[in-house]
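Worksheet for the structure shown next.
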Amino acid sequence: MTRIAIGTAIAALSAGIIAACSTDGAGTAPGTGLNSGNGLGAAAAACTPDVTAPSITSMAASPNTLWPPNHKFVPVTITTSVADNCDSAPRCAISSVSSNEPVNGLGDGDTSPDWQVTGASTLLLRAERSGRGTGRVYTIGSTCTDAAGNATVGYATVMVPHDHGAGNDDADDHDDDEGGEQGDS
Ligand SMILES: [Ca+2]
Ligand SMILES: [Ca+2]
């Protein structure tokens, strides 16, 4: 008798917990489908707490090529497509910028800094590259964070080619090549 009563109580308690969970976070994450036939309960279980970082589906820089390499800052905008299991609008912000060339290396005009973050999705990049290199590649990192603080970092690149492909601007290109070769010795 006693054992049966305890078992019944546990079952009732479990049912109560499940019922309570199924009402939390209603409608926060449609179609997660962890438990087929009980999507609402699955969403609640995934969001209390939310331990899943946002998913970055695409990230791009515009423009993604800088030309001519005249050592001037060019405004660049980063566009990020992001989704999260619970937060309908994760926030993204530029969190890192790097270059495959030294900021103030030889033959790049001796200018620094070469980038400046101006907003969550905007920055200035210097249109230059070493005349003795193969082209500069800036890598911009953007961190997207959901309401629970889970974060994902995505990256986009911006090229400063060594040579312009079609319609080569010989004047600009030649000047930079000369600087690079002289600085190399
Ligand atoms: Ca999340
Ligand atoms: Ca520089």
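Just the residues that are away from ligand 2 (no atom under 16 Å from the Cβ) and more than 12 Å from the chain's Cα centre (by Cα), please, taken from the range 84-102. Across the range 84-102, the qualifying residues are Asp84, Asn85, Cys86, Asp87, Ser88, Ala89. Among the residues that make up the range 75-97, is at least one of them in contact with a helix residue (DSSP H, G or I) (Cβ under 8 Å, 6 or more places away or on another chain), within 16 Å of ligand 1 (Cβ to nearest atom) and modelled with pLDDT under 70? For the range 75-97, residues in contact with a helix residue (DSSP H, G or I) (Cβ under 8 Å, 6 or more places away or on another chain), within 16 Å of ligand 1 (Cβ to nearest atom) and modelled with pLDDT under 70: absent.
This table checks each residue for (1) over 25 Å from Pro68 (Cβ atoms); (2) free of Cβ contacts under 8 Å to residues at least 40 places away in the same chain; (3) assigned to a loop (DSSP other than H, G, I, E, B); (4) outside the structural domain of Thr77 (by TED's automatic domain parsing).
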site: Thr111; (1), (2), (3), (4): no, no, yes, no
site: Leu123; (1), (2), (3), (4): no, no, no, no
site: Arg129; (1), (2), (3), (4): no, no, yes, no
site: Gly133; (1), (2), (3), (4): no, no, yes, no
site: Ser142; (1), (2), (3), (4): yes, no, no, no
site: Ala148; (1), (2), (3), (4): yes, no, yes, no
site: Gly154; (1), (2), (3), (4): yes, no, no, no
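Restricting Ala61, Ala156 to residues that are farther than 30 Å from Ala46 by Cβ, at pLDDT 95 or above and buried (at least 18 other Cβ atoms within 10 Å of the Cβ) narrows the list to Ala61.
The selection criterion, being crowded, with 22+ Cβ neighbours inside 10 Å and assigned to a loop (DSSP other than H, G, I, E, B), holds for Cys86.
The values are calculated or read from the model by the stated rules, or taken from the named source; none is laboratory data. What you are looking at is a predicted structure, and each value in this text was computed from that prediction instead of being measured. FYI the Cβ positions are ideal-geometry reconstructions off the backbone, even for glycines, and counts take in every protein chain you see.
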